[in-house]
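Have a look at the structure below, then the notes.
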Amino acid sequence: MSQDDETQESSEQVEASSSGDQLLPQLVAHLREHRAKLRDEWASRIRDAHLLEAMTPQEMSAETTSVYDNYVEVLETGSVEALQHYARDLSERIIPRGVETHEVVGIVLLLRDVLARSLFEKYQRDFGLLNRILDAYEPAANRIANTVAVSFVDERERVIRQQQDAIRELSTPVLPVRERLLILPIIGVLDGERARQLTEQLLSGIRTHRAKVVVIDITGAPEVDETVANHLVQTVDASRLMGASVIITGLSPTIAQTLVTIGVDLSKMNTIGDLQGGLEEAERLLGFTVTRKAVTDGS
Amino acid sequence: MSTARVPDEPAQPGGAVDVAALIPMLRRIVAARVGEHPAAEDLVQETLVRVLEAEDRIEPGMIEPYAIATARNVMATMWRRKDSESRNRHRALDPSVPDEAEDVVVASEEQSAINEALRRLTDREREVLLAHEISGQATRSLAEDSGSTAGAVAAQLKRTRARLRVEYLLALEHTEPPTDECRPVLLALSSADRRRQREVDAGRHLLECDLCAKLSQPLLGRGPLRDNEIHVAISADPDIVAARQAARELAIRAGFSGADLTMLATAVSEVARNIVRFARSGEVTIELVDGPRAGIHVVARDTGPGIDDVEVALKDGFSTYDGLGLGLPGARRLMDEFNIVSEPGHGTTVTMTKWFDKKGTA
Amino acid sequence: MNSGPALVSILRQGDTLVASVHTALDDSEMVRFQNDLVSRIGEHRARGVIIDVAALDVIDSFASRTLRSIADIARLRGAVTVIVGIQPEVAFSMVRLGMDMGDVPTSLDLEEGLAYLARVNGRAAGGRRG
């Protein structure tokens with residue numbers, strides 16, 4: 001390439017004339033000039049590293065071009081603001097596609113390396129100049145990597161928070177079955193954190209639905225450790241303080257054993273084998289006549 | 001004197017340091033500086049609390065030097081706080097209104113200190129830290145990338161973070177350590193590496209180097225004192241209500257909600273009542289903390305008669321005055337961390353924390 | 001009770017006393033409340049007492065115990081006490097603290113409390129159950 005020849009010839013001149021301030025413009029000009037080649041090389045490194053595989057080739061090409069241009073712009077202006085906006089925007093688009101943090105950090109670091117290598121090739125004959133060019137380039141490049149990573153992670157955290165809120169709502173439904181009666185079906189593994197959320201939802205559900213009876217059905221909970229069992233007992237007690245009776249259904253022998261182990265007096269808990277029986281008991285407590293008269297309710 | 005620690009925090013078996021043994025020495029140091037100042041005993045207590053908080057992170061031989069450095073820091077902080085306090089204080093509450101302009105300056109200084117600290121890491125350290133810190137899940141894939149194990153990457157990350165803390169504090173101070181010993185010592189403190197602390201003789205260094213003595217506090221203790229802190233003097237029944245309301249307000253500001261707020265307020269109510277009943281007067285300090293996680297830290301301190309047997313006092317149903325039996329054990333159950341130090345004849349200090357991020361607690 | 005806005009009000013409704021706590025009470029105020037209420041129970045020969053604590057954002061060990069002892073004393077004087085209006089977060093904190101209301105009945109709110117008293121004190125209240 002003619003550019004390279006020219007550089008070799010004039011490298012001494014360049015060195016003589018370039019104070020620190022002029023290094024970056026010189027660098028930027030180089031990166032602009034070889035934009036197409038460097039961008040392609042970067043794209044192929046991204047493919048080799050199996051990064052951003054969730055994106056189509058067209059998207060890749062469009063995004064890598066934008067990132068490249070933004071990158072060079074930051075080097076030129078020293079302001080990361082535009083890059084920040086772009087990075088946030090990009091993150092918003094690619095996060096739903098399942099792009100991971102390490103991929104985003106990875107591609108920016110790849111670009112940093114591709115560009116550094118091209119600078120190295122261009123200036124390798126003049127070690128002093130090369131050193132100064134890299135000194136100017138590296139902090140700026142690291143700052144860019146930092147900015148992109150932080151923007152991506154901020155955005156990702158925001159999305160995760162949103163999703164968590166949504167999941168939380170879904171996974172702990174407090175169902176008002178009929179007037180004054182709530183059912184809380186517990187499905188899946190309970191940990192301390194989820195047990196807490198459940199309790200808070202149940203207690204505030206008691207107030208909003210003016211519930212007098214609560215049926216907690218734990219048929220769908222595979223296991224309950226001591227912490228969660230304790231929590232269950234506290235939930236029952238707290239519900240009582242709010243004036244609601246609690247019926248627990250679907251208590252497996254293992255969970256019953258756990259409760260006994262931590263010193264719970266099961267006779268003080270209203271436990272009933274299955275949900276159907278629990279609902280009948282609830283109706284009895286509420287003072288409604290059991291609707292299905294076929295069942296003889298003697299005793 | 002006896003100390004008791006809640007079991008959720010892994011205690012050091014047999015490693016309980018006899019902090020009481022420090023008291024006479026601390027009294028001498030404080031008296032030498034402030035004389036018969038009425039706050040002298042508070043300063044000693046404050047120092048003890050901080051030493052206790054750092055106890056897990058320092059090797060036993062360093063306890064004494066660290067206590068001395070801490071006492072000096074605590075006294076310096078008191079003088080600094082004094083004039084702002086005399087301006088703001090009205091009766092019991094001191095809600096330390098944050099100065100916005102100042103906050104902005106502080107924030108931008110912190111930002112540039114962080115950038116500077118990041119810059120001082122090696123490229124590799126920075127890459128791994130950025131790629132991980134942030135995503136939280138990448139340890140394994142980082143290990144794959146570098147052909148290493150997840151454990152090794154985690155250890156490397158731990159070292160990097162420790163370095164980052166040190167460099168951050170140095171950048172914030174706009175200073176370079178005066179001796180070659182400083183960085184290794186600071187690093188050993190920051191990483192809570194007791195073996196290294198012994199190797200570099202960190203204790204002796206703290207006594208000789210003012211800069212490191214000063215930095216030892218944020219590296220080992222709670223971090224520098226900030227405006228996010230409320231003091232409520234406790235001497236009568238209404239102060240109990242004032243203390244718990246102050247705690248609630250601060251916690252709302254920190255983003256607490258729901259049952260957490262009520263649990264915190266209830267626990268504060270219990271420890272404040274203990275002061276009124278047992279000691280007649282004392283103080284409750286409520287403080288926002290952001291490390292290792294965001295939370296509310298409560299210190300209830302009195303100079304009353306003390307509790308003879310803290311273990312017994314923490315048992316349900318223990319009662320030393322009519323009807324009480326749930327105050328301390330109850331407060332312990334309401335909070336995530338709980339610690340009590342009592343010295344018969346000199347007073348009791350309860351420290352407790354509620355974390356905002358609940359991961360891993362019940 | 002006191003000068004300033006009333007911290008507590010005690011109203012009579014037939015043979016029932018309805019006591020509402022309007023704001024956070026400190027321990028001495030709590031004790032004063034207990035004394036006032038107990039003497040009113042005697043004065044009015046009340047058969048039922050409702051204590052509405054909906055305005056309390058904290059019920060700590062002292063408050064719990066005071067409420068229970070009011071209920072105990074009332075029982076000795078022939079009155080049934082119902083505590084109503086315990087807030088969800090307060091209920092949970094009380095349980096964590098290790099306090100409960102013992103045998104003292106609790107209801108969701110005033111309406112429920114009155115219905116409960118009507119039931120146990122043997123008067124028809126809409127005939128929910130036969």
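The values are calculated or read from the model by the stated rules, or taken from the named source; none is laboratory data. Computed from a prediction, not measured in an experiment: that's the story for all the values here. Ideal geometry is used to build each Cβ from the backbone, glycine not excepted, and the neighbour counts take in all protein chains shown.
Data overview
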{"quantity": "The lone exception for B:P218 - which of (1) at pLDDT 85 or above; (2) not in a loop (DSSP other than H, G, I, E, B) it fails", "calculated": "(1)"}
{"quantity": "Residue list for region C:52-68, restricted to those being under 22 Å from B:V271 (Cα atoms) and out of contact with any Phe, Trp or Tyr (no Cβ under 9 Å at 6 or more places or on another chain)", "calculated": "C:L56, C:D57, C:V58, C:I59, C:D60, C:S61, C:F62, C:A63, C:S64, C:R65, C:L67, C:R68"}
{"quantity": "Test: residue in region A:105-112 that is under 25 Å from B:L129 (Cβ atoms), more than 23 Å from the chain's Cα centre (by Cα) and within 12 Å of chain B (Cβ to nearest Cβ)", "calculated": "yes"}
{"quantity": "Those residues of region A:70-89 which are surrounded by 14 or more Cβ atoms within 10 Å (Cβ to Cβ) and without any contact (Cβ under 8 Å) to a residue 60 or more places away in the chain, in sequence order", "calculated": "A:N70, A:V72, A:E73, A:E76, A:Y86"}
{"quantity": "Selection count, region A:40-62, where residues are touching a residue at least 24 places away in the same chain (Cβ under 8 Å) and either surrounded by 19 or more Cβ atoms within 10 Å (Cβ to Cβ) or not assigned by TED's automatic domain parsing to the domain that holds A:V99 (or both)", "calculated": "5"}
{"quantity": "Total residues in region A:235-254, condition crowded, with 20+ Cβ neighbours inside 10 Å and in contact (Cβ under 8 Å) with a residue 24 or more places away in the chain", "calculated": "13"}
{"quantity": "Every residue from region C:1-35 that is away from chain B (no Cβ under 14 Å), part of a loop (DSSP other than H, G, I, E, B) and hydrophobic (A, V, I, L, M, F, W, C)", "calculated": "C:M1, C:A6"}
{"quantity": "Number of positions in region B:183-199 that are surrounded by fewer than 19 Cβ atoms within 10 Å (Cβ to Cβ), of a type outside the set (K, R) and over 22 Å from B:R126 (Cα atoms)", "calculated": "1"}
{"quantity": "Every residue from region C:54-100 that is without any contact (Cβ under 8 Å) to a residue 24 or more places away in the chain and under 18 Å from C:H44 (Cβ atoms)", "calculated": "C:R75, C:L76"}
{"quantity": "Residues satisfying the stated conditions in region B:228-248, i.e. in contact (Cβ under 8 Å) with a residue 60 or more places away in the chain, within 15 Å of B:A279 (Cα to Cα) and either assigned to a helix (DSSP H, G or I) or not aliphatic (A, V, I, L, M) (or both)", "calculated": "B:D239"}
{"quantity": "Within region A:217-234, considering residues that are surrounded by fewer than 14 Cβ atoms within 10 Å (Cβ to Cβ) and among the acidic types (D, E), the one farthest from the other protein chains (Cβ to nearest Cβ)", "calculated": "A:E223"}
{"quantity": "Every residue from region B:309-362 that is modelled with pLDDT of 90 or more and aromatic (F, W, Y)", "calculated": "B:F338"}
{"quantity": "Number of the exception - B:S235 against (1) at pLDDT below 90; (2) more than 14 Å from every other protein chain (Cβ to nearest Cβ)", "calculated": "(2)"}
{"quantity": "Residue within region A:130-137 that is of a type in the set (S, T, Y), more than 26 Å from the chain's Cα centre (by Cα), within 14 Å of chain C (Cβ to nearest Cβ) and not in a strand (DSSP E or B) present", "calculated": "no"}
{"quantity": "Which listed residue, of A:E179, A:E121, is farther than 19 Å from A:L83 by Cα and not assigned by TED's automatic domain parsing to the domain that holds A:L83", "calculated": "A:E179"}
{"quantity": "Selected residue [over 19 Å from B:E270 (Cα atoms) and part of a loop (DSSP other than H, G, I, E, B)] from C:V104, C:V38, C:V82, C:V49", "calculated": "C:V104"}
{"quantity": "Candidate set from region B:279-316 (those that are closer than 14 Å to B:A331 by Cβ and touching a Gly at 6+ places or on another chain (Cβ under 8 Å)); member that is surrounded by the fewest Cβ atoms within 10 Å (Cβ to Cβ)", "calculated": "B:D316"}
{"quantity": "Selection within region C:31-50 - closer than 25 Å to B:A236 by Cβ and under 12 Å from the mean Cα position of the chain (by Cα)", "calculated": "C:F33, C:Q34, C:L37, C:V38"}
{"quantity": "Exclusive hit being in contact (Cβ under 8 Å) with a residue 12 or more places away in the chain, more than 21 Å from B:P329 (Cα to Cα) and either assigned to a strand (DSSP E or B) or within 14 Å of chain C (Cβ to nearest Cβ) (or both), set B:A265, B:A251", "calculated": "B:A251"}
{"quantity": "Total residues in region C:38-70, condition of a type in the set (A, V, I, L, M) and buried (at least 22 other Cβ atoms within 10 Å of the Cβ)", "calculated": "10"}
{"quantity": "Qualifying residues in region C:85-100 (those that are in a loop (DSSP other than H, G, I, E, B) and crowded, with 21+ Cβ neighbours inside 10 Å) - the one modelled with the lowest pLDDT", "calculated": "C:M99"}
{"quantity": "Counted residues, region A:242-264 - those being under 30 Å from C:D52 (Cβ atoms) and either of a type in the set (A, V, I, L, M) or out of contact with any Phe, Trp or Tyr (no Cβ under 9 Å at 6 or more places or on another chain) (or both)", "calculated": "6"}
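So that you can scan it fast, the table gives a plain yes or no per residue for (1) at pLDDT 95 or above; (2) in contact with a helix residue (DSSP H, G or I) (Cβ under 6 Å, 6 or more places away or on another chain); (3) among the basic types (K, R):
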site: C:F33; (1), (2), (3): yes, no, no
site: C:E43; (1), (2), (3): no, no, no
site: C:I51; (1), (2), (3): yes, no, no
site: C:V58; (1), (2), (3): yes, yes, no
site: C:R65; (1), (2), (3): no, no, yes
site: C:R77; (1), (2), (3): no, yes, yes
